[in-house]
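A quick write-up on the structure given underneath.
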Amino acid sequence: MKLVWFLPVALLIVTQVALGSNNGNNGLDMAAQRRAANIHRMDTIILLTYVSVMVVIVVTAWAFKHYRLRFIHESGVTLFYGLLIGFVIRYFGLGLLQSQTFDVETKNKTIVKEPPDYLMLEVKPEGGSSVSFHYELIEGFFADKRKKIEQQIEQKSVFSPEVFFNMLIPPIIFNAGYSLKKRHFFRNIGSILAIVFIGTTISCFGTGCLMFVFTSIFQMGYTFKELLFFGALISATDPVTIISVFNDMNVEADLFALIFGESALNDAVAIVLSEVIENFSTSSEAITLHDFGSAIAGFAGVFFGSLMLGFGIGCMNAFLTKMTLISEHPLLESSLFVLISYISFLVAEVCGLTGIVSVLFCGIAQAHYTYNNLSDESQSNTKHFFHMISFIMESFIFCYIGVSVFVTNNQRWSFSFLLFSLISITASRALFVYPLSWLLNIRRRPKIPKRYQHMILFAGLRGAMAFALAGRNTSTENRQTIFATTTAVVIVTVLVNGGLTSWMIEYLQIKHGKDAIEEGQRLENSMSCSRGEQHSDLEETIPVTMAPGLNPWDKAFLPRKWYHFDASFMKPLLTHATPSLEQTLPPFCLPITSLLTSSRQRAVSNPPN
């Protein structure tokens, strides 16, 4: 019996001796475990906070739509919620664990030429052996040297810029292309492309030059390249607030198409411009003609390379869904659609192109071709899924913009820089809206009226893309000021311009509601009669069986050629449209066209007697 009691006591004494000999290491191990548990708890609290705010945002959006409240848009309310949450985290901290900050010097005074990706920290406690901790450094996070201790929830509330570009932005941009109202978009395609390419470029260089003049006069210490980069990123407009109000009020279709088309496409132009400017370098002090030509060639290569890649992947998915019977399994069909759409973004980034441009034109291609091959269930699922995920991502980003004002350490505020920015942005937008509209009106029918031009100027809201671009690199104080200024510009434009949109529509006497519908019908009747055509109600998209050249808006040379090529080759190749390639191509192509024609096309083209 004594032996039974002796053995546990002896084991306990031996264990205590062993623990005592390595007490320092065990203390660190226990502390590390406690910190890991606290980090997990902190992550859960942050997620719970954001998800709870998103629930409130959804309910608020319903309330605004149900009671037709237009004095402020739900995007502005979302920003306010974010500001409120950020204020609470920053100044109250919720009584949560504080983090520790240490000054670390490199071993043997090693010269560091580039920021490290990983950090190995070796700690030697008293009376114990060394313990190593492995840390991953996140680009874009730079702590304030004056702030040695801060709330851990404050740090955990901040997301990596790559999360925005790789996870949040792609669904928003894809939905812009996938939900494009093609009829009015392509009716105004010439004006939209002019505003997107010429207008965004003028806005970029106009903002950069004006800011360079202001900062040079007041000796604020910014380079022309930094300010040109700021001009590029701040030229990206956001359609969410304005378009939502336009939908609620049912404004004139052409105005809707012009503003939505600019917002949907100029994000792509702005991101390519910013990347070209960011990577631009010259061997001499002055920019030569060769440097200018190289920059233009780089822009064209990146933009059109991304465009062709995204469009090609969209066409590949259309052909895949046409030639297989995957439509018999809507779940697999919808899953394939979503995954291939996301692949278009990733492949472009891997190839050194721009994923935003790629995923946008992939969405346009999928809407034009793949959508016609999907089952009814998958058509409904994909439309609703991307509309829903785009709304959630947009709302989260606006909420996070408000939170970031208080919790991020990589924003440096300068109210003089902000004031100059607002002046430069407005002036640069006016610099292309009015002259470009005048030039377009020389040949355009119907013309862009003055009230449209004033509304286009007013609709220059900034949003998710500008914020994400500015937050991608905050390694210097100037970049931190640019990031803070971009955040402020987003808040100001969403609250002021977004809140006053309905008032501006009334003030400019822009037709909406029943008046806009009647005006659109009158315009279509007059244009059809002027071409000697019998007017008929047009569908939202051109039917796949429409013969080449019968679209009433294909009066320009290039659109007319494209419609003919699309109806006679692209749609028969990528969809179940009729006539099939066996009927539209010459007979000697029959061995190939028979392989590219689906059984469904043959059944429609050759019905049984």
| said: Please state the shape class of the stretch 336-476: rounded when a/c is under 1.5, otherwise prolate if a/b exceeds b/c and oblate if not, all from the C-alpha gyration tensor. | reply: oblate
| request: For the stretch 31-47, take each phi angle, set θ = phi - 60°, evaluate the Karplus expression 6.51 cos²θ - 1.76 cosθ + 1.60, and give the result in whole Hz per residue in order, putting x for glycine and proline. | output: 5, 5, 5, 4, 5, 4, 5, 5, 5, 4, 5, 5, 4, 5, 5, 4, 4
| remark: Which residues qualify? For Val251, with a placed amide H closer than 5 Å and at least 5 residues away or on another chain, they are Gly513
| field | Net charge over other residues, Cβ less than 11 angstrom from the Cβ of Val196 (K, R count +1; D, E count -1) | value | -2
| task | Report, by chain and number, residues whose modeled amide H sits under 5 Å from the one on Arg462, excluding near sequence neighbours (fewer than 5 apart, same chain). | result | Asp238, Thr493, Val494
| If you plug each phi of the stretch 216-221 into the Karplus form 6.51 cos²θ - 1.76 cosθ + 1.60 with θ = phi - 60°, what whole-Hz ³J(HN,Hα) values come out, in order, with x for Gly and Pro? | 6, 4, 9, 6, 8, x
| field | Pairs from Lys181/Lys561; Lys182/Lys447; Lys65/Lys450; Lys181/Lys571; Lys383/Lys561 whose Cα-Cα separation, in the structure shown, is over 25 Å | value | Lys65/Lys450; Lys383/Lys561
| request: Quickly rank 79-86, 320-327, 263-270, 199-206 as a protection proxy: mean count of other C-beta atoms within 10 Å, highest first. | output: 263-270, 199-206, 79-86, 320-327
| How far, in nm, would the chain grow between Lys181 and Ser216 when pulled straight, counting 0.36 nm per residue and subtracting the alpha carbon separation? | 8.1 nm
| note | Heavy-atom accessible area of the stretch 161-519 with neighbours in place, 1.4 angstrom probe: carbon+sulfur share in percent works out to 68 percent
| What does the accessible area per residue of the stretch 161-519 come to in Å², with a 1.4 Å probe and no ligands, DNA or RNA counted? | 39 Å²
| Mind listing the phi-derived Karplus ³J(HN,Hα) values for the stretch 352-360, rounded to whole Hz, using 6.51, -1.76 and 1.60 with θ = phi - 60°, and x for any glycine or proline? | x, 9, 10, x, 5, 5, 4, 6, 5
| query | So between Ser160 and Lys225, what do we pick up on full extension, going 0.36 nm a residue minus the alpha carbon distance? | reply | 21.0 nm
| Burial ranking of peptide ranges 178-184, 218-224, 485-491 (average Cβ count within 10 Å, highest at the top) | 485-491, 178-184, 218-224
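The values are calculated or read from the model by the stated rules, or taken from the named source; none is laboratory data. Keep in mind that this is a model prediction, so the values were computed, not measured. For neighbour counting, all protein chains shown are included, and Cβ atoms are generated from backbone atoms with ideal geometry for every residue, glycine included. SASA here: full protein model, heavy atoms, side chains in, ligands and nucleic acids out. Shrake-Rupley method; radii C 1.70, N 1.55, O 1.52, S 1.80 Å.
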